[in-house]
Each structure stands twice: as structure tokens, then as C-alpha cells.
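**Q** Mind having a look at this structure? Questions to follow.
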């Protein structure tokens, strides 16, 4: 009996082992599911299968490995540390393209000279610049997520509050719209995720505050930063922000807005679809979005995060992979991907009639993308810089530290970090 | 010897009351255990039949029209889910067999043989499990890749079995300890080899231990995420990876589909537990104290 | 007790080969890593014990260590007590054993991540069934996520919920293996149920209790998902435990030297908290078994 | 004085009845042995008396009081188990003293009592050992000591000697006998070994398939077995049972063997009322057959020696006589040879006759 079991185990192992062999001309792409959907249309009825058409033309089988953000980068970095990897093409988040990672990516300039991408300069400049590390282009921007202000029109109307145009009006409106329903349900004026740096920095940047600028100057200890943090702390104290705001994640933000427990929310434009999903939202079509206002009428503040395509330097099929990048980054492909739900990195795409028809927030997002800047620049200590920011910001919001102390600590610690990274 | 005290009849009415009270307390405790264990699970299962809009409603609807849309979505939109469940099954069964076989063998030796090396190596068995697995994957990843084992069922089977073989060895040892040594001796006298003694005499009597080990390893392998993430991509991808994709940090979690997936994933394990329960309860027959 | 012979060594081989190749050898390399500075794709730079100094001088490490110590001890001992009580209850007879078993083991059958998420949803301050019920009962708003002691209590609760079946199963199986005639003898000797439990059941379950204690310490010490998914160590890194610290300071920044050093410090820490039980188990091994 | 009444005991497991309406009494100070083959229900009855098995039907009275619902502790019984059931995690001293400890007997008194019992059983030097460090016989003594240390109304023994070797068994048997003679505690003893039953019992109950086959003193059972089962079960070597046809020839009773051989019985001997046309089973114990006539051995049977089994001073002689096989226990003086003709003499009063159909004794 034991022998039989052992034999079965060995047999099982042997069959399992033989499966790993790969067929020729398979291109392995590692990305988040949204990139796959953007490039192939996924299961959408109106799917635009851009990558699929390319694969058919070139007789390539696409092998998509889709993972969530954290695991995706963890896996990619491990793969890139090997002598040779089976991953040919990868989607990477801008904050992850730090110099040490960039050195493991294939420099794309030679490929682009030999075989240029159509109207490359049509891609938003801020995004293009952020993907050049140490003078080398290592990635091509593909998808952006620019933060904006979502608001529930119904709730505003119910509370008799007008749609604000400036930052101060928004703060007043959020306060005015905060109340408790008869059944004990609290409605929060402003919902944001403070377990991450992006949305907090979006709020602060509306006050003109900058954490670390593109030239790696730490500018955290500024009156603007103190003002912004003070406002956040006050909003928390007054109950305008959700009481569990420091642990509030994306899922809870979405749920809160869908259920009408939040009036304003800080989140990327593209969240519009999820918040207004008739299958999931109690307020379908009622949650509008606008560029995040500042106190300067007409001027938006927009933090952005974006994804790019990159090729691991130890990949075996770099030319083939580059060809797919080229295909996906074309002007028409950008528009078609946007129809699949992608955030187009070419501002011109927002002028396309197909997009204007499909995306109600196209005009607003175009403004956002125009004014967009990256929340934290990519440098060796970028990830640690965000950790420090989250810690000090949360301390200030919960009142564990005064905003002044938090800003000062942020300044000192970030300066040390930047100095170490240089 | 002095005279025994006379038989005193206890208060039978009081005893009956105490008996009823005991039964009530026991029933209440069982009820508490059921609520504690099952409520969160029930929440998942019930939610998987609710429309997305209703899932987070407070107060929650107890009575609602069930929808199967999330299960449909699981089959049609998350096409990877059911095939990866097949991979999960292969890996979980393989790991369970490997871990059980290895630990029955070593548990037997730890129970029946004695020397200083063995006593010391028990500490080693446990100490070796103290390093967080995520750190161990640092050197393992390139090695697995170099051996061309990446994305195979085998690598997961080996990893899962290894990470449980220490505990299973200890479990098997305690159970085999309770089997009288005279039984081994009887088998030897009957002409059995050590291996035959183990398979024919020890294993049937240690079924409880084997059942416990099998449950632990299977459940672990069935739900494991970290190793599956690091060591598989396509061919050996397991179901938890799909579940984690449903919990999406870019477009938000699709709760209905997540709950449906978890419910489906729960079924085989529940079946296994109900199956293994027979062996767990079977118990060792009396008379083993003489050993 | 027999002396080791070649056959016995052969029978030990699968277990020890697996452990040596998959864990021991890599662990040794991890120790070497901890003496070096390295990240993805970079060469190793030998720095001696610098990484250990970095970790040991970090206030975040010590806060995480303290949190870990509190949570681990609470989890392991409370869980053990509940498991023993539950096993004793089951030992007194169960109706519908198959179904009861399936129900009791269910928390263990779902993945840790999902388990934590469900509790997080139910305990959500704004919309969670349990949190809202607590509030409706007049205990005030259950806003655990901004209060480190409450957040760590929730972590403890969820960890116990998820792993209780593990401890229960080990202990219950141990109790089931006690020969029935011992209970009969003790009843003849005049033991009440309570005395029977204390004098017969419990002492004879000690081996199972030892194993479950040791392994629960091992698992609990690297508690991660509960904290990571509930608070991510926040607010302001106040609820970090060692595994979260390791992830934050090692993996998130790709600093493998720090990660490896933290890993080895965790080995020492868990050896420390479980040492009494390890010693007891070793003694039982040396002196043979009852 | 009657100490224990067992009144119409029934034991059912689900729909299976294993003990059928059994009643008997145990007198104060009596040593009662339940004997029978395995599966006859003897252990079940003992465990019902102990309080370890529920009594499905009937009543158990101790000192005239119904105790069905009482726990073993309240019934004040002590028990020695077949597998000893020593607590593996306690020392010998703790094992013996456990019941006293539970009864909150003060420590010093407890130690005294344990010491006294241990001395009686000659295990005083083992008090600090654990059960696994003891030999079989020592464990048995500890088990008895554990029962003795209390002052029970009733001692229960569940095949306590069956795990011992022959020599130890004889030794322990003697010890139990002496103990009972000095303690005079009412005892109930279960065994499948008729020799134990005969040597220990004041009274024996022989059980078969959950029924009482016979109840009485060892002499009753040996001398006047009520049926073939008891006749064959009690006594070693087993009683010779031979089918015969009883009749009369020449004014005296004659038994005709299956092979045609005839055994003449003394004239004037009155056979019991015969059934089945005189077809009966005749039984005689081997020790009641002799190769030399003595006064009183007024009947004889002739045959040919088939096999010899020397036992030392005695010898078992197996003889073929007219289609029947008989074994006799004779004094061995080297006088026998297989194949030789032999005449065995017996006292007709030692002859047992049983109904061939009901197997019951004919009186």
C-alpha cells in the first residue's frame, strides 16, 4: 500500500514536471488585470482586442500573467534578478521605477530609434519625463490614474448644498453635508483613503503643499503643508472624515460612496464607472466627478500615478516585446484602449469623439491630466519616503502629533532619506 | 479493615435538576460554538447569493431573493477559476500524500527508537520552522528556476509538504506512542518486516493522527498564497491566486464574485473534513495502557 | 526502545531530506544574506553585523517586537484555553458529529486572507453588522482601527477565530486517544466529572497540548495577514508586528540584508517565547514517553 | 444477610439483547464467581453492577436499596480491571491513593493506608515507580491494591488474572483467596477459567448466552451439573459425554453404546425417568474412572487403549469402547500400553444422565 502511494506520488510528480515546457513564440506578459482588459478588451461586449490582433498578425501566443499590484512587482523583481527570465513584457507602476529597478530594465532608446513609436511626443510630458532614469528611457507610459473629486449630486441636493468651485467651498460643502441619518448611519462629508500617500498628497497639493519635488528637494515643512495637515486633522476631529479614515482602503471608499455614506471622495477619475455601476451603486449616475479644485478658480490640482510597459533586461524576446509596446502605444490604440476602460496617457485622446461619447468625465479628466504631476518622484528611497509620509500624516490627522511637528519630522526624515539615496 | 459506610441515597430530584441544567449549559455552549465558527462563514455564503447592492446593507436583509449572478460571473468572467481549482486539487492531494508518508515513516522512528541524536533532532524539526517562509523564498526562487521547476505542481507539492512535515512528524509520533509496543513485537514475531509492521499494524491504528495531518496539510495547500504566487505563473497556478485577483487594488474588490469563489472553494475542504471525521473519532481501542 | 539502525535511518530520510534541502540550506544562505547588503539584481556587499545593528537600533523594530509579544501570548494562551474547553465539551458527547465537525473546522478551512476580510467587513465602523450592533447596544461607536490597543485586540480575536480549529483538533484527537478504561477506573475511584477532567484527561493530553502550544507559537510569531489587512500596521505604524516590520523594512524596499537579519532575529525571539515548552518536549523525548 | 440483589437484569444494545432476565443475590461476605465462555454476558453484568453500564431493565439493590441510578462512587464499589487500567501518569503510590485523595482523606492518613495495602501486597518498594516500569504481576498487585485501599461494599474483579502467566496466575489466585478470607468483603469475580472459579468461589454462577446455566456451590456444579454445558465447562479434563441407549436386560439396567457395546449397571439401580425412547447422554468424569476395582465401583466398561498422556504421578488414558471414546485419570505405575485391552471400573452413582435433546440433567 505504501509502495503504491509512493509510486503514485512519483508519477504525479513526473506528470507535473513535464507540463512546464513552453512552446516557441509565446510572449509572456506580466501585468495587472486592468492592463490585460485595456489591451484586449477582456470580456467586454464592445471589446477592442488590440493585443489579440497584433498577436494574430505576428503568429504569437500571448501568455498573460495577471497579479495584483504588490505581488506583481514582487514577482517581476524576482524574475528580473534571475540570469534569464521567461517574462518578456511587464507593466510597472511609476513609483516602482527607482534607479535600482531601472538598471534591470531594457533601455528602450535604441529600439525607439530603430523603430519609432507613433507620435511619441503626444504622450503627456510629465509621464514621459518620469520614465527616463539616469538619462535612459526604460518604460513607455500606458495608463494613468489622476486623482479627482467625486461628489454625490443627490446627497448635495438633499442637504441643500451647492456644487463647490473652489477648495474652500468644497471644505464648507463637505462640512455642511455631514450628518447622521435617523437609523444611526453616518454620512461623511469627505471620504478618502489615508492608508496610502497618493490621495492625502492630492488633498495637500490643493493647498499648494509639495512633499518632495521632481528635483528631489524636500519641501514638507512649509506653511502650505501645515495648513493642509491642520485642515485634515480638523475635518477628522469634526467627523467630516470617516472615523476609521486611517485604515480606510479603496474597497471601503467605493462601498461608502456607492451606499451614499459619503458625499465627496478623493479618487482617480476612472473610478467614475465603479461608483456609478447600476448593479452595485445605490446612486447610479448621481456620483459626478470634477478636477480637484484649488482656491484659484479654474485651476485644478492633480496628483497622478501611472503604469508603463517595460522589458526586463534578461528577457529572451526583447524585439518582439518592444513591437507589442509600439503597437499598444499608437494613437488609435490609445483611444481604443480607453474605450476598454483605460486611462489614456495621450491628452489628445480626450478630443476623440468616440471617447467623448463613451466617457462622461472625459473633459474633466483632460484638464486633470493637463495639470497632473507625480505624487512622489522615483528615486532610490521613493517607497520608504511614502512610508514615512503615511506615518507622519496619520499621526497629524489623528492628533497624535501637531501638524507643525509632523511637518517638521517629515522634513527631517525625508531629507535624511534623500541624502542617503544620492 | 473497617466497616464501609452505608449506602446513602442522594436527592434524586436535585440530581435530575442538575442533569437538566447540565444539558442546557452544554446545548448553549454548542450553540455558542456554532455561532462563533459558522457566523462569518455563513455571512460569506449568504452574501454570495446577494446582489452587489445588498451585500453591505445595514441592517442586512435576512430574507432576499437569491441571485446566482456571481457564480455565473465566476464561470464566465473569471475563466481561470475552475481550471486553477484543478491545480489546487493536484497540489493539495500531492502535498498531503507526500507529507503524510514522510511523517508516518519518521514519526514511527521517533516513537520507537531512542538515542541522543533523535532527541536533539526534535528540536531541530521545530526550530527549522521558525524562519519566516517569505525570507526562505529569497534563496529558493533562483534555485527553483535553475532546476526548471518553476510553475510546476511538483515544486508546490514539495514546498507545502516540507513546511508541514515537522508538525506531522510530531503528531504521528504522539499517536504511535500510544500504540503498545507489544503489537510491533507481535508483528515481528509473525514474520513482518519493519515496513510491513508499519503499514499493516501501525498505520491502521494511527488513523486518527493521519487524519489530523491530512486535514492540516490539505487545508494549508488548498489556501496557500505566498508560495503559489512566487513559484507559479500559468500551468500550476492555484485558485487562491484567482481569488486574490478578485480582490483587486486597482478597480476595487468584486465582493459578490469573491464570496462566490470562496464558497465554491470551501466545498471540497468541508467534504474532506466530514470524511476524515470518521477516522478521527474512530479512536484507539481500550487496552493500550499496558504498553 | 531500539537503537537506530540503517532501516530506521532510511525511514527518517524523506522528512530530513525535505527539511534540509528546502529549509535548512536556504536558511543558512539567509544568514549569509543577513551579513550582506543586497537588493534585487545587485551583488552582495559584506557588511558584517551592520544589518543587525540597523534593525536592533530601530524603534519600529522594538515596538513591533512588543506588539508581537503581547498578541502572540494572548492568542496562544486564550486559544489553548478555549480549545481545551471545547475538546472537553466534545468529549462529553456530540450530536451530529459529522456536521458539528465540519462547522467547527470551517474557520480553518477558509484562507486567512478571506477570514480577515470577512471580520473586517463585519467590524467595519460605518457599515459592519457587528460594529453597528455593538453601537446599537449602546457601547458607543466601535472605532477600533484608530486605537492601537483595540486594533490589536481585534487582531487577537481574528487570529484565535482562524486558528482555534487547529489547536482544537490536536487536543481533541489527543483526548480521544485516552483509553476508556482509565475513565472507568477513575469513576470507580469516585472521581467527579470535574476531577476526572483535571486528574485524568488533562495530564494525559499534555503531549498534544505541548505540540499545539509550540506550533502555535511558531505560527503566531509570524502573524502577518491579520495586521496587514486590518490596519497595515497603522495608524502611524503603531500596530506593526514583527512580520509586518520585516515586510515594510525589508521587502517593500527590497533590502534583503535587513529582511534576513529581521528573519533571524525572529527565529531567536520565537525560540525565546517557546523555550519552556521546547525544553519540556525535549525532556519527554530523552526520558521516553508514558 | 443479603448484600446485593440482582433482580431481573436485562441489557440491550440497541435492539440486541445480550443479558436476558437474570436474577441472583450475593450474601454479605460471599465470594461469588461468574463464569462462562467469552460473550456469555458475565462482564456486562459485572459492569452493570459497577455502574459502568446502564441497566436496561431490572433492578440492582444494595442493602435493600435500589441503586440503579447511583454512580459507582455512590454504590461504594471497587474494581480490578482486566487490563489493570493504571493511570500511566501517576506513580504506584498515587494510583493506589487516588480514590482516597478524591475522598479528601488527609495526606498522612492516606500515606498510611497506601503503605499498609502495599505491604500486604508486597509492593511497598515500588511505590514511587510509574506503571510502565512494572512487570505484569506487579501491575496486577497495584490494581488490586487500588481496589483494596478503599472500604467498599463490594469488590468487583473483571478477569483480573487473564493477562498473567500460569505460575503468576496461581500465585495471585492464592493471594486473592487469602485477601478475601481476611477482609471478608463481598466480592463478585468474573472469569472464563473454571479452575479460578472452583478455587475462589463460595458460589458460582455459570452463564451461557446471557442466561444462567447453573448457580450453586463449586461442589454443586461439579457433582450435579444441571446440563451438558455445565458438565463439560466445569472440571478438567472435561467430563466424558457419550450418547447411549438406556434399557433393561436381565432385570438390571443396561446402557448400550452406539457401537453396540453394553455397560451393565448394578441390579436395583434406579435410572431416572427416561425420555426419547431411552436415548440419553451419559457422562462420567475421567477421575471417576479407574483401572482397578475398589469397593463401590460396581460397574465397568471394556475397551482398547488408544492414547496415553502422562501427567507425572497420574496419567490420562484414552480408550475406545464400542464406538465411544472415554478418558480416564489413573495412577501411573507404567502399567499401560496403547493397543492393550483395558477394563475401567466406576461407581454408578458417579454417572450423570442428560436428555439428548434438551441437554438437561435427568433426575
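**Q** Please compute the length gained on full extension between residue D:276 and residue D:252, using 0.36 nm multiplied by the number of residues separating them and subtracting their Cα-Cα distance.
**A** 6.7 nm
**Q** Out of A:300, A:39, A:47, any idea which swings most in a Gaussian network model of chain A, alpha carbons joined below 10 Å?
**A** A:47
**Q** If you don't mind, there's one more thing I want to ask. Between the range D:243-282 and the range D:159-207, what is the separation of their alpha carbon centroids in Å?
**A** 39 Å
**Q** Right, here's the next one. Hey, rough spin-label estimate for residue D:314 and residue B:146, points 7 angstrom out along Cα→Cβ, what's it come to in nanometres?
**A** Output for this residue pair reads 8.4 nm.
**Q** Still on this model: Which FRET efficiency, nearest 0.05, do residue B:267 and residue B:196 yield, Cβ-Cβ r, R0 30 Å?
**A** Once rounded, the FRET efficiency stands at 0.20.
**Q** May I pose another question? Going highest first, how would you order D:249-259, C:63-73 by mean Cβ packing within 10 Å?
**A** Order by mean packing, descending: C:63-73, D:249-259.
**Q** Can you give me the relative contact order of chain A as a percent, contacts being Cα pairs under 8 Å and 6 or more apart?
**A** Over chain A, the number comes to 25 percent.
**Q** Follow-up question, since we're still on this one. To the nearest whole number, what is the average tally of beta carbon atoms from other chains within 10 Å of the beta carbons of peptide B:147-154?
**A** If you average over the peptide's residues, the count of other-chain Cβ atoms is 5.
**Q** How well do other chains shield peptide A:376-385, expressed as the mean number of their Cβ atoms within 10 Å of each residue Cβ?
**A** Going residue by residue through A:376-385 and averaging, the value is 1.
**Q** Looking at the square roots a ≥ b ≥ c of the eigenvalues of the Cα gyration tensor of chain B, which shape do they give, rounded for a/c under 1.5, prolate if a/b is larger than b/c, or oblate?
**A** Oblate is the answer for chain B, as a/c is 1.5 or above yet b/c matches or exceeds a/b.
**Q** Counting each DSSP H run of 4 or more residues in chain D as -39500 (n - 2.57), what helix-only mean residue ellipticity at 222 nm follows after dividing by all residues, to the nearest 500 deg cm²/dmol?
**A** Rounded to the nearest 500, it is -7000 deg cm²/dmol.
**Q** Still on this structure: Return one quarter of the surface area of the convex hull spanned by the alpha-carbon atoms of the range B:12-70, equal to its mean projected area, in nm².
**A** Spelled out: convex hull of the Cα atoms, projected over all directions, averaged, 5.6 nm².
**Q** Turning to a different aspect of this structure: Starting with the highest mean, order A:384-397, B:81-94, D:94-107 by the number of other Cβ atoms within 10 Å, averaged over the residues of each peptide.
**A** Going by the mean number of other Cβ atoms within 10 Å, highest first, we get A:384-397, B:81-94, D:94-107.
**Q** For the Cα atoms of chain A, what angle does the longest principal axis make with the long axis of helix A:403-421, in degrees from 0 to 90, nearest 10?
**A** 20 degrees
**Q** Once you average over the residues of C:80-92, how many Cβ atoms of partner chains fall within 10 Å of each Cβ?
**A** Average neighbour count from other chains, rounded to a whole number: 2.
**Q** How big is the antiparallel share of DSSP beta bridges in chain A, given as a percent to the nearest 5?
**A** Rounded to the nearest five, the antiparallel share is 65 percent.
**Q** Would you mind pulling out the separation of the Cα centroids of the range B:55-72 and the range A:111-182, in Å?
**A** 34 Å
**Q** Go ahead and run the numbers for FRET between residue A:279 and residue A:125, Cβ-Cβ distance against an R0 of 35 Å, rounding to 0.05.
**A** Step by step, r from the Cβ atoms, then E = 0.40.
**Q** Separate question: Could I have the simple spin-label model distance between residue A:180 and residue C:280, label points 7 Å from Cα toward Cβ, reported in nm to one decimal?
**A** 4.9 nm
**Q** Further question on the same structure: So how do C:227-240, D:165-178 stack up, highest first, on mean other-Cβ count within 10 Å?
**A** Ranking, from highest mean packing down: C:227-240, D:165-178.
**Q** Quick one: work out the % antiparallel among DSSP beta bridges in the protein assembly as shown, nearest 5.
**A** Percentage antiparallel, nearest 5: 75.
**Q** Once the Cβ-Cβ distance between residue D:101 and residue C:58 is put in as r, and R0 is 60 Å, what FRET efficiency do you end up with, to the nearest 0.05?
**A** Step by step, r from the Cβ atoms, then E = 0.65.
**Q** In whole percent, what relative contact order does chain D give with Cα contacts below 8 Å and a gap of six or more residues?
**A** Value for chain D: 15 percent.
**Q** What percent do you get for the relative contact order of the range D:240-355 when only Cα pairs under 8 Å and 6+ apart count?
**A** Computed over the range D:240-355, the figure is 30 percent.
**Q** Would you calculate a helix-derived [θ] at 222 nm for chain A, using -39,500 (n - 2.57) for each DSSP H run of n ≥ 4 and dividing by the full residue count, to the nearest 500?
**A** It comes out at -13000 deg cm²/dmol, rounded to the nearest 500.
**Q** Counting only helical runs of four or more DSSP H residues, what would the 222 nm mean residue ellipticity of chain C come to if each run contributes -39,500 (n - 2.57) and the total is spread over all its residues?
**A** After summing the helix terms and dividing by residue count, I get -22000 deg cm²/dmol.
**Q** Give me the distance in nm between label points sitting 7 Å out from Cα along the Cα-to-Cβ direction at residue D:128 and residue D:68, one decimal.
**A** 5.1 nm
**Q** Something else: Taking the Cα centre of each part, how many Å lie between the range B:178-220 and the range A:27-74?
**A** 51 Å
**Q** If you don't mind, another one. Tilt of helix A:69-80 relative to the longest C-alpha principal axis of chain A, in degrees (0 to 90, nearest 10)?
**A** 40 degrees
**Q** Which one of C:243, C:220, C:74 has the biggest mean-square fluctuation once chain C is modelled by GNM with Cα springs under 10 Å?
**A** C:74
**Q** Does chain D come out rounded, prolate or oblate, given a ≥ b ≥ c as the square roots of the eigenvalues of its C-alpha gyration tensor, rounded meaning a/c under 1.5 and, failing that, prolate meaning a/b above b/c?
**A** Judged from the Cα gyration tensor, chain D comes out prolate (a/c at least 1.5, a/b above b/c).
**Q** Let me ask another. Residues of the range D:213-243 with the amide nitrogen closer than 12 Å to a label point 7 Å from the Cα of residue D:325, along Cα-to-Cβ, please.
**A** D:241
**Q** What do you get for the angle between helix D:107-121 and the principal long axis of chain D? Use alpha-carbon atoms, 0 to 90 degrees, nearest ten.
**A** Approximately 20 degrees, to the nearest ten.
All of the numbers you see were taken from the coordinates with simple rules; none came from a lab. Because the structure is a prediction, the values reported are computed rather than measured. All Cβ positions, glycine included, derive from the backbone under ideal geometry; neighbour counts span all protein chains shown.
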